[in-house]
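The values are calculated or read from the model by the stated rules, or taken from the named source; none is laboratory data. As the structure is a prediction and not an experimental result, all values here were calculated from the model. All Cβ positions, even for glycine, are placed from backbone atoms using ideal geometry, and neighbour counts span all protein chains on display.
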Amino acid sequence: EQEAAMYKNFECYCRTTSQELKTNVEEGTARITESTSKIQVEEGILVELKTVIKVSQESREEAKQALASAAALDGKGASAYDAESSDLAANIDALTRAIAALEK
């Protein structure tokens, strides 16, 4: 009698535990499928972002080179302006002295 009661308890335990395990396995399998899909989507986004970063870095380098080139041209322009300005100032000074000499 005690043995029969223990058997019934064990049988009930096995049925409920087995069902719980089956449910847990099904839920786990569903989560794996869902996670796999999310991982694939995230990997696609990662590839896109890496491409955007690469293009942005290339654009940044091009902008740096253009800026350096513009700065070099600006430096040359400033030097040319300074030389021209000095030459014109010397000519104005010479003309001023020549006019003063002619007026005497």
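Odds and ends about this structure:
- Search result, residues across the range 88-103 that are charged (D, E, K, R) and surrounded by 10 or more Cβ atoms within 10 Å (Cβ to Cβ): ASP93, ARG97
- Hey, THR17 of a type in the set (Val, Ile, Thr), modelled with pLDDT under 90 and either on the phi < 0 side of the Ramachandran plot or touching a strand residue (DSSP E or B) at 6+ places or on another chain (Cβ under 7 Å) (or both) or not: yes
- Within the range 66-98, the set of residues being more than 46 Å from the chain's Cα centre (by Cα) and small (Gly, Ala, Ser) comprises SER85, SER86, ALA89, ALA90, ALA94, ALA98.
- Residue among GLU26, GLU42, GLU11, GLU34 that is more than 55 Å from the chain's Cα centre (by Cα), without any contact (Cβ under 8 Å) to a residue 24 or more places away in the chain and part of a helix (DSSP H, G or I): GLU11
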